[in-house]
Amino acid sequence: LHAHYVLQLFSETRKVLRLMPNINSVSTSYSKEITICGDLHGNLDDLLMIFYKNGLPSQQNRYVFNGDYVDRGKNSMEILIILFAFFLLYPNDLHLNRGNHEDYIMNLRYGFTKEVSRKYKV
């Protein structure tokens, strides 16, 4: 995805996130399920497998992602693009928690900063 569109997506995501509280409550009933996902660490295949097995996010198919989306794997940017796009479509049904790898120092140490520089040489 061209850098212009990535920046636009990230900017829109930031606007929505800034309006949200720091702590969100997510409730479900016996008739509704919610999928809770752990560390993806840049492994796009893991995210695609989760969606394949559990379905894409929607109002009927809710998700909580518990951070650590980036670093270590080769596809951290693609994961963020996909998660942010679904988040903008379903802000009440896809929840994004911040992990310790969503930190500047961790990004420098474990590779996300290099990935961004390599994919977007701006």
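The values are calculated or read from the model by the stated rules, or taken from the named source; none is laboratory data. Not measured: the values here are computed from a predicted model. When we count neighbours, we look across all protein chains shown, and the Cβ atoms used for this are built from the backbone with ideal geometry, even at glycine. Each accessible area value is taken on the protein alone, full model and side chains, heavy atoms only, with ligands, DNA and RNA left out. Shrake-Rupley method; radii C 1.70, N 1.55, O 1.52, S 1.80 Å.
Residue check, Ser58 against (1) of a type in the set (S, T, N, Q); (2) over 10 Å from the mean Cα position of the chain (by Cα); (3) open to solvent by 40 Å² or more (accessible area, probe 1.4 Å); (4) more than 18 Å from Arg18 (Cβ to Cβ), all met but one. Which one?
Tallying (1) of a type in the set (S, T, N, Q); (2) over 10 Å from the mean Cα position of the chain (by Cα); (3) open to solvent by 40 Å² or more (accessible area, probe 1.4 Å); (4) more than 18 Å from Arg18 (Cβ to Cβ), Ser58 fails exactly one: (3).
Which residues, taken from the stretch 1-38, are open to solvent by 100 Å² or more (accessible area, probe 1.4 Å), closer than 15 Å to Val64 by Cβ and either among the β-branched types (Val, Ile, Thr) or in contact (Cβ under 8 Å) with a residue 60 or more places away in the chain (or both)?
Ile23, Ile36, listed by residue number.
Being outside any helix (DSSP H, G or I), within 18 Å of His101 (Cα to Cα) and either modelled with pLDDT of 95 or more or of a type in the set (D, E, K, R) (or both) is the filter here; which residues of the stretch 1-48 pass it?
Within the stretch 1-48, Asp39 is the sole residue that qualifies.
Is there any pair linking a residue in the stretch 43-70 that is more than 13 Å from Ile82 (Cβ to Cβ) to one that is assigned to a helix (DSSP H, G or I) and not aliphatic (A, V, I, L, M), with Cβ under 9 Å and at least six apart or on different chains, and which?
Cβ pairs passing all conditions: Ser58/Phe86; Asn61/Asn54.
What are the pairs with Cβ atoms under 7 angstrom where one residue, in the stretch 80-92, is without any contact (Cβ under 8 Å) to a residue 40 or more places away in the chain and the other, located anywhere, is open to solvent by less than 30 Å² (accessible area, probe 1.4 Å) and assigned to a helix (DSSP H, G or I)? Sequence gap at least six, or different chains.
From residues that are without any contact (Cβ under 8 Å) to a residue 40 or more places away in the chain, the pairs are Ile82/Leu47.
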